[in-house]
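The values are calculated or read from the model by the stated rules, or taken from the named source; none is laboratory data. What you see is a predicted model; the values in this text were computed from it and never measured. No Cβ is skipped: glycine too gets one built from the backbone with ideal geometry, and neighbour counts run over all protein chains shown. Calculation scope for accessible area: heavy atoms of the full protein, side chains included, ligands and nucleic acids excluded. Shrake-Rupley method; radii C 1.70, N 1.55, O 1.52, S 1.80 Å.
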Amino acid sequence: MITVKLIGGIGNQMFQYAAGRGLAIANNTRLALDITDLQTTLPRKNFTRRCFALDFFKIDARLTAFSKLGKRLPNAAFLINRLARFSRRTIKEKQPFIFDPTVASAGDGVYLDGWWQNEKYFSGIRETLLHDFSLKDEAGKEARTILGLIKNSGDLPAISLHIRRGDYVSNKLNNRYLGVCGPDYYRAALAVMGERIGNFNLFVFSDDIEWAKYNLSYAGKTVYVSGRGLGDGEELILMSKCSHNIIANSSFSWWGAWLNQNKNKIVVAPGKWFNIWNTSDLIPSGWIKV
C-alpha cells in the first residue's frame, strides 16, 4: 500500500492524491490518505487551518488508522503522525515543485511526505484522474445554472478567471513569500485572451468577489460565479468546463485548468508563481506565462 500525507487546501491535496495514485497504480497496490495533519488543533504560527477536502470527488483511496486515532485525540494528532512514520519507509520531498525521478521507482509500502506539485508524478494517469476528480454527487441547483450559462455561451467561448486572495493577503508570511496576483496581471491575461480568441464571456471565481468586481475591467459579458453558495469542488469543476482558463498562482485554479478537456484550450498563468522557490516545472508546456 502507498500512503500519502495530506496537507494544505483542496488544490494541494489533489496534487498529493495524484502523486500517490500514480505510484499506487505503478505498483498495482492501493492508496491510503493520512489526514492526521488536517485534524491537529495544535497552535501553529502563520498556519491556515485546513480540512479534508477531497470528499467531493470519486477518489479511490481509504483513510489511514492514524487519521482515525488523531480524530479521537485531536490535540495529540501532530505527535501521532510523527510516531506513526517510524514504522514506514518515508520519502520526503527534497525540493518543492521539482520532479524527483527516484519517486517513480520507490516501490510499494512507502509513505509520501511533501507537496508533490509537479504533473510529471501523474501525467501518465490523466484519464484515471479525470474520473477520480469528478463530482461523486450531482451538482447543486446553482452550480447547474452556472454550468448551463457556460455551455450555452452562444458563439463566444467561456473563459474562467480565478483570483486568489484570502490568506495570501491576510497572512503576512504568505504575502511576503508567496505573493498575490494584482490587477496588472489580470489586465495582461485578458489582453492575451483577446488577442488569441477575440471576444468571449468571462466567468469570475474568487474568494474575494468584491475585490474582483472593483478591480476587473472587461467590456464583455461577465458572470461572477463565487459567492452563490457553491462548494469548492463545484467551483473547481465549473472552471474546468470553460473553454479556456486564466489562473492565479493557486493550485486550486491550476487544477481547474488541468482538468479542462478542451483539446484546444488556452491557459494563461502567472510567469512568477511565488516570490520564493523554483517553480519552472509547475506550469505545463503549452500554457502561456504572463
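Under the condition of being open to solvent by 10 Å² or more (accessible area, probe 1.4 Å) and assigned to a loop (DSSP other than H, G, I, E, B), the residues counted in segment 238-258 number 2.
For segment 110-140, filtered to residues that are among the hydroxyl-bearing types (Ser, Thr, Tyr) and assigned to a helix (DSSP H, G or I), the residue that is farthest from Glu235 (Cα to Cα) is Tyr121.
Taking the stated definitions as given, is Ala18 under 28 Å from Lys272 (Cβ atoms), touching a helix residue (DSSP H, G or I) at 6+ places or on another chain (Cβ under 8 Å), in a helix (DSSP H, G or I) and at pLDDT 90 or above? Considered against the rule, which asks whether it is under 28 Å from Lys272 (Cβ atoms), touching a helix residue (DSSP H, G or I) at 6+ places or on another chain (Cβ under 8 Å), in a helix (DSSP H, G or I) and at pLDDT 90 or above, Ala18 comes out as yes.
All of Trp277, Trp211 fail the test of being in a helix (DSSP H, G or I), open to solvent by 30 Å² or more (accessible area, probe 1.4 Å) and not acidic (Asp, Glu), apart from Trp211. Taken over segment 194-211, the residue count meeting the criterion of being under 16 Å from Met239 (Cα atoms) and either among the aliphatic types (A, V, I, L, M) or without any contact (Cβ under 8 Å) to a residue 40 or more places away in the chain (or both) is 3.
Within segment 1-15, the set of residues being open to solvent by less than 10 Å² (accessible area, probe 1.4 Å), under 20 Å from Pro101 (Cα atoms) and not in a helix (DSSP H, G or I) comprises Ile2, Thr3, Val4. Search segment 19-37 for residues being among the hydrophobic types (A, V, I, L, M, F, W, C) and under 8 Å from Ile2 (Cα atoms), and hand back the single one that is surrounded by the fewest Cβ atoms within 10 Å (Cβ to Cβ). Among them, the one singled out is Ala32. Restricting attention to segment 134-170, the residues that are farther than 25 Å from Gly8 by Cβ, small (Gly, Ala, Ser), surrounded by 14 or more Cβ atoms within 10 Å (Cβ to Cβ) and modelled with pLDDT of 95 or more add up to 1.
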